[in-house]
Amino acid sequence: MKDKKTELISCPCCKKSESYPWAVENGFTAVKCLNCGFVYVNPRPVEFLINDAVKTGVHSDVDHNRTAIARRVKSNIPLYEKTIGEMYSDVWSEHKKISWLDIGAGYGEFIEAISRLATSDSKILGIEPMKPKVENALKRGLNIKECYLKDINEQFDYISLVNVFSHIPEFDVFLIELKKILAPGGEFFMETGNIGDLSSYKEVPSELDLPDHLVFAGEENIFTFLNNAGFEIVAIKRRRKDGFINFAKSIIKKMMGRQITLALPYTSKYRSLLIRAKLKKSTINGSINE
Ligand SMILES: [Zn+2]
């Protein structure tokens with residue numbers, strides 16, 4: 001059927017199909033996998049609608065009156081500078097020229113932080129499919145391209161994916177593509193929330209933003225994806241996101257009529273997971289099957 005807008009899928013993490021409804025937003029349901037706990041939109045918008053949403057920031061068939069999903073958050077720059085400074089202190093202390101690619105760079109806060117940490121002759125590039133974000137970052141002199149991962153033909157020492165995971169329908173496929181442009185001995189960094197580890201939707205500190213966000217992992221789900229793709233964890237940080245500022249923001253959103261649960265602002269198990277991973281030696285030698 002050509003005009004089909006959604007399709008039923010099995011779990012993008014473990015491929016099993018038993019699940020139960022976990023959250024409803026904007027007319028879409030996120031289900032939780034009975035086997036692995038992964039949370040995913042099901043039925044899911046078909047592929048061309050997802051691609052369209054990535055470019056525009058909103059699904060054309062969803063009427064929730066929100067086109068501007070995010071804006072530049074300047075305070076993220078020193079925050080990432082500190083966190084990535086610590087997590088990669090061994091790299092920075094070598095003062096070596098590196099190459100770093102940030103996928104879904106947005107307004108460029110993350111690559112701005114990397115630029116402050118890396119040597120001045122390092123190559124730092126962000127890619128981002130949303131035009132307004134790219135234009136904003138270019139105006140500030142950042143090296144950002146309006147394109148997708150598949151458009152990149154060179155290799156990078158470090159590749160990062162910061163709060164983009166939930167937009168990627170099939171993360172296993174994504175990691176296969178990513179490995180093609182990872183230099184020998186290269187590393188992967190990602191940040192995403194641990195929604196899959198929460199016992200119920202009530203514990204989500206904000207909204208899930210369905211269906212712009214399609215998938216939500218717990219720690220074990222991320223480990224499974226990375227392990228299957230031949231990565232091992234170098235370091236992991238778990239950052240609280242349910243502090244006072246977030247609570248205040250949630251109250252404002254609630255007053256604007258958004259679907260926010262205000263309960264449990266200080267006791268939620270919600271964490272932002274920051275994961276540094278590298279390819280296992282056996283993978284580099286090519287002995288892990290896909
Ligand atoms: Zn599953």
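Details
- In the set (1) over 19 Å from ASN42 (Cβ atoms); (2) out of contact with any helix residue (DSSP H, G or I) (no Cβ under 8 Å at 6 or more places or on another chain), THR224 fails one condition alone, (1).
- Residue in region 78-85 that is loosely packed, with under 14 Cβ neighbours inside 10 Å, modelled with pLDDT of 90 or more and part of a loop (DSSP other than H, G, I, E, B) present: no
- Applying the set (1) crowded, with 22+ Cβ neighbours inside 10 Å; (2) modelled with pLDDT of 95 or more to PRO205 leaves exactly one unmet item: (2).
Residue-wise test of (1) among the charged types (D, E, K, R); (2) modelled with pLDDT of 95 or more.
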position	(1), (2)
LYS55	yes, no
HIS64	no, no
LYS74	yes, no
VAL91	no, yes
TRP100	no, yes
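- Among the residues of region 251-290, those identified as assigned to a helix (DSSP H, G or I) and either at pLDDT below 70 or acidic (Asp, Glu) (or both) are SER282, THR283, ILE284.
- Each residue in region 1-39 was checked for being within 18 Å of HIS167 (Cβ to Cβ), within 9 Å of the ligand (Cβ to nearest atom) and touching a helix residue (DSSP H, G or I) at 6+ places or on another chain (Cβ under 9 Å), and 3 pass.
The values are calculated or read from the model by the stated rules, or taken from the named source; none is laboratory data. The shown structure was predicted, so the numbers you read here are calculated from the model rather than taken from an experiment. Using ideal geometry, Cβ is built from the backbone for each residue, glycine included, and neighbour counts are taken over all protein chains shown.
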